[in-house]
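What follows is a set of notes on a single structure, which appears directly below.
The values are calculated or read from the model by the stated rules, or taken from the named source; none is laboratory data. What you see is a predicted model; the values in this text were computed from it and never measured. So basically every Cβ, Gly included, is an ideal-geometry build from the backbone, and we count neighbours across all protein chains shown.
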Amino acid sequence: MVNSAEIPFVIVKAIFPGLTQLDFTGPNTVFSRLPNVKTIVASAAGGAIESDGGLIVAGTQRLTDIERCDLLFVPGGVAVTNAMNDAAFKSEIRRLAADARYLTSVCTGSLILAAAGLLRGRKAACHWAWREILPLFGAVIDDARVVRDGNIITGGGVTAGIDFVLVIAAELSGDGTAQAIQLGIEYAPAPPFNAGRPDTAPPDVLARVKSGIEAMLAKRFAAAEAAAKATASG
């Protein structure tokens, strides 16, 4: 737990072009409300980073300029396979992970941690459509919404990011602070449809979504296999 009398707890959020903004902004909302925490948004090149929906995260720091962190967070996104095959980006992820107390991700961000060689033999969550990629890197699939394996905490697809970050908030600052933040952001989800997971969505809806991602799945597996070979040889 973070002690308010100590130096700030440093959280680095490592993002990349083509990230899914809600993977990042949901957790970022809660991270920014934690006491005695310093949050840093960083990318390989620094500067402005455009998300897969066109929103831009401005003024990111360069990962190479960050000395260390206590918690490393990686979101996912449409362009995750580019990040998985970016040797420089993965090198910085590994460097910062080496001394971090916690390694964390949301959605397909776990694929980046895996491609960096950080999830071998460890359980991890991922978006349901892409989680079968995890074993290519020796990671163990867990379909829970939030998964913890030692110091590794991962969230499932996109909206799981808020559940995930409230778990971390409780870990760092206690249940009371986490609940106060939850109330402050009025996080009380009540979706109009029970279609948020493959096992609860109507069969025709599931078939429609699977059809839409079929071509992307093949490309992602090919890119992931290339990343897995690079990880194994590195």
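Filtering THR60, THR81 for residues that are part of a strand (DSSP E or B) and not small (Gly, Ala, Ser) leaves a single hit, THR60.
The set of residues from segment 91-134 being more than 18 Å from THR20 (Cα to Cα) and charged (D, E, K, R) comprises GLU92, ARG94, ARG95, ASP99, ARG101, ARG120, ARG122, LYS123, GLU132.
Select from segment 16-28 the residues that are closer than 11 Å to VAL80 by Cβ and among the hydrophobic types (A, V, I, L, M, F, W, C) and write down the one among them that is farthest from the chain's Cα centre (by Cα). Among them, the one singled out is PHE16. Just one of the listed residues (ALA48, ALA58, ALA5, ALA88) is of a type in the set (Gly, Ala, Ser) and modelled with pLDDT under 95, and it is ALA5. Of all residues in segment 16-49, those being among the hydroxyl-bearing types (Ser, Thr, Tyr) and touching an Asp or Glu at 6+ places or on another chain (Cβ under 7 Å) number 1. Give the residues of segment 44-79 that are surrounded by 15 or more Cβ atoms within 10 Å (Cβ to Cβ), in contact (Cβ under 8 Å) with a residue 40 or more places away in the chain and not aliphatic (A, V, I, L, M), sorted by residue number. Those that are surrounded by 15 or more Cβ atoms within 10 Å (Cβ to Cβ), in contact (Cβ under 8 Å) with a residue 40 or more places away in the chain and not aliphatic (A, V, I, L, M): THR60, CYS69, ASP70, PHE73, PRO75, GLY76, GLY77.
In the set (1) surrounded by fewer than 24 Cβ atoms within 10 Å (Cβ to Cβ); (2) in a strand (DSSP E or B); (3) not charged (D, E, K, R), THR29 fails one condition alone, (2).
When the residues of segment 179-204 are narrowed to those that are touching a residue at least 24 places away in the same chain (Cβ under 8 Å) and assigned to a helix (DSSP H, G or I), which ends up surrounded by the fewest Cβ atoms within 10 Å (Cβ to Cβ)? Top of the filtered list is GLY184. Looking only at residues in segment 80-94 that are crowded, with 18+ Cβ neighbours inside 10 Å and either in contact with a Pro (Cβ under 6 Å, 6 or more places away or on another chain) or charged (D, E, K, R) (or both), the one that is nearest to GLU225 (Cα to Cα) is ASP86.
Residue by residue through segment 96-125, note down the ones that are of a type in the set (A, V, I, L, M), farther than 11 Å from PHE73 by Cβ and in a loop (DSSP other than H, G, I, E, B). Hits for segment 96-125 are ALA116, LEU118, LEU119, ALA125. Within the option set ALA228, ALA207, being over 22 Å from the mean Cα position of the chain (by Cα), surrounded by 11 or more Cβ atoms within 10 Å (Cβ to Cβ), in a helix (DSSP H, G or I) and not aromatic (Phe, Trp, Tyr) holds for one residue only, ALA207. Of all residues in segment 120-133 being under 14 Å from GLY155 (Cβ atoms) and free of Cβ contacts under 8 Å to residues at least 60 places away in the same chain, which is surrounded by the fewest Cβ atoms within 10 Å (Cβ to Cβ)? Checking each candidate, the answer is LYS123. Scan segment 126-178 for residues that are among the polar types (S, T, N, Q) and assigned to a helix (DSSP H, G or I) and the total you get is 2. Note on segment 134-165: among residues that are surrounded by fewer than 18 Cβ atoms within 10 Å (Cβ to Cβ) and out of contact with any strand residue (DSSP E or B) (no Cβ under 8 Å at 6 or more places or on another chain), the one that is farthest from ALA178 (Cα to Cα) is GLY138. Among the residues of segment 6-19, not a single one is in a helix (DSSP H, G or I) and touching a helix residue (DSSP H, G or I) at 6+ places or on another chain (Cβ under 8 Å).
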